[in-house]
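This report concerns only the one structure given below.
The values are calculated or read from the model by the stated rules, or taken from the named source; none is laboratory data. Quick caveat, the model's predicted, so the values are computed rather than measured. Using ideal geometry, Cβ is built from the backbone for each residue, glycine included, and neighbour counts are taken over all protein chains shown. Just so you know, the surface numbers come from the protein's heavy atoms only, side chains and all, with ligands and any DNA or RNA stripped out. Shrake-Rupley method; radii C 1.70, N 1.55, O 1.52, S 1.80 Å.
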Amino acid sequence: MTVSRRQVLVGSAALAALGRPARAQSAGRQLIPAPSRAAIIPGTRETEVWAYNDTVPGPVLRFRQGERARIAVENRLADETSVHWHGVRLPNAMDGVPHLTQPPIAPGGRFAYEFDVPDAGTFWYHPHVRSGEQVERGLAGAFIVEEREPPPVDRELVWVLDDWRLTPEATIAGDFGNRMDASHAGRLGNAVTINGRVPDRVAVEAGERIRLRLINAANARVFALGFGTLAPQVIALDGHPLEPHAPAGGRVVLGPGMRADLLIDVAAPPGSTLAVSDNFYARGSYKLVDMAVDGQRRAAPLRDPVRLPDNPLGRPDLAAAERFTIELGGGMMDPRLMRAMRERGGQPDPEMVRTMRERMAAGHIWTINGESVTGHHHAPLLTLTRGRSYVFAMNNDTAWHHPMHLHGMTFRVLRRNGEAVPHGEWRDTALLDPGERLEIAFVADNPGDWMFHCHILEHQEAGMMGTIRVS
Ligand code: C2O
Ligand code: CU
C-alpha cells in the first residue's frame, strides 16, 4: 500500500528542504491552526490539509532549557482545538487537554500558553481535540529544548515522521476513526513522510557528525528504522538522555508519540548511498529514504562519545513505591475471549461475545483496568499522593501494540517481561507489544489530573484512556 518513491518525482526543492532542520522559528511564537495546502507527494497535486502557520508539519519551536515558553494560539479552523505539549513537564493548566485542563479553543478563539521548560530534549506539539482527525490532517510540530550547552555537532536534523492515508487524487481519506481501524492497528496510511513530504534522498557529508531528532507524529504507525552502516548511537529517548548505545537489533523503534535523538558520524566515503529502511511490519518493509554522501567534512569521522547532561527528574524511591497494576484490554482477537473459548472446548462464550459486540457498537473497543473511557473529563482511574513514588505494572492483554503515554510526568522504564531495561531509559510514552508486561516508575510530583492513554489515536478515542490524579 505504501506509495513507492519510484512512482514519485522528487523536485530539487524537496531535496534541499530535507538537508536542514524543518523551519525553525525563534521569535514571536504564535501558532495559527488553519486549513491550508501541502505538497505531500512532490510532483503530484497538493493536498488540502490543516496546518499550523501554513506549514506541514508546523514550525519547529525552539527554546533553551529553563526558559519560559510563551505561545499564542489563534484558532482559524472551523473546529474547536487545543495544543498539547507532548512530553513537556508543565503546570496542569497549560497541558492543552480540552474540558480537563482548559475549555477547547473555539473557532476564532485564542489561548495563550505560558510555561517554563525544565527539561532539554526533543518534544512535540499537537491538538488534543478529536486528535484522530486533527493530527492526521497535519496539525503537529517539533518542540525542541536545547541544552544549556548543546553538544557540538556539524548539523542537526529534525525529522517529523508521519504517514497519510491518501486517495488517488491525493486527498486525505475522510474515514477517520472507523471501526475497522479502531479495533485493529489504528489508521495506517499509504504515504510515509519526513517533514511532510514523501522523501527521496538526504545529502550528508563524509565524516560529518549529525544529531538526528526523530519524532513519530503518525496516528498509528510504529516505525522500526534501520540505518545500516550509518551505525547511529541513541543518545536520548523521548527527549531524555541515557547511556549512548547502538540501537538493539540495529532498529530504532518508535511508536506513535515517541522520539529518539541519534548521533551519527558518517563513516562512508563520498559517493556512497546508505538506505534508511523501516521494517516494523512483517509484510511491509520498505526503504524510507536514502542518505547520499556528497562531499567530505573531515577525513576521519569523530569517535568521541556524546553523553548529554541529565534532566532534573525526580528519582523514584523503588523501595517505598506503591504498586498498581494496569491491565490493557479489548480489540479484535481479544485474548480473554480466546482463553474463554479454549476453556469451553473451542466454543465461544455467547454472553461474553454479546457484551463485547455491544461495547464495540457503542465505540468502547478498548479498556484500561476494565474501564472504557472516550471523553476527556471523568472520574480518575487512579489517585496518587503528591511526592510519592509509584510503580505501574502494565500488562498488555490484547493482540495489538499500544504506545502508552502519561502526561505531566516522566517515568523510568524498569522491566520488560521481567527483564531489566538497560541504559537508564526515561520516557513519557512506552510501547507495549502484544502480551507484554512493562514496569515503569515515577515520582508523582506534578499536581493535577493527567491523561494516561494509548497514543494510537484511534485506540485512545475508542476507550483506551483515563486520567491519573495527583493531589
Ligand atoms: Cu501526544 Cu495525550 O498526547
Ligand atoms: Cu493502543
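Some points to look at:
- Qualifying positions in the stretch 136-148 - more than 17 Å from R68 (Cα to Cα) and part of a loop (DSSP other than H, G, I, E, B): E136, R137, G138, L139, A140
- One residue stands out in the stretch 289-324 among those that are hydrophobic (A, V, I, L, M, F, W, C) and in contact with a Pro (Cβ under 7 Å, 6 or more places away or on another chain): the one that is modelled with the lowest pLDDT, namely V306.
- Scanning the stretch 441-454 for residues that are away from ligand 2 (no atom under 16 Å from the Cβ), open to solvent by less than 10 Å² (accessible area, probe 1.4 Å) and either in a loop (DSSP other than H, G, I, E, B) or within 14 Å of N396 (Cβ to Cβ) (or both) gives a single hit, A444.
- Strands (runs of 3 or more DSSP E) contained in the stretch 161-232 and holding at least 3 residues closer than 13 Å to V276 by Cβ: 201-206, 209-216, 223-226
- Filtered residue count, the stretch 285-335, keeping only those that are closer than 29 Å to R469 by Cα and open to solvent by 40 Å² or more (accessible area, probe 1.4 Å): 12
- Sub-6 Å Cβ pairs linking a first residue in the stretch 105-125 that is within 17 Å of L77 (Cα to Cα) to a second residue that is acidic (D, E), at least 6 apart or interchain, are A106/E80; R110/E74, ordered by first then second residue.
- Being open to solvent by 10 Å² or more (accessible area, probe 1.4 Å), within 16 Å of ligand 2 (Cβ to nearest atom) and closer than 24 Å to L90 by Cα holds for only one residue in L381, L457, and it is L381.
- Condition check for L414 on (1) assigned to a loop (DSSP other than H, G, I, E, B); (2) more than 10 Å from ligand 2 (Cβ to nearest atom); (3) of a type outside the set (V, I, T): one failure, at (1).
- When the residues of the stretch 394-432 are filtered to those that are within 16 Å of ligand 1 (Cβ to nearest atom) and small (G, A, S), the one that is farthest from P316 (Cα to Cα) is A430.
- Sole residue being over 18 Å from the mean Cα position of the chain (by Cα), crowded, with 21+ Cβ neighbours inside 10 Å and on the phi > 0 side of the Ramachandran plot, chosen from G228, G207: G207
- The stretch 428-439 - residue that is within 16 Å of ligand 2 (Cβ to nearest atom) and buried (at least 19 other Cβ atoms within 10 Å of the Cβ) and, of those, farthest from W124 (Cα to Cα): L438
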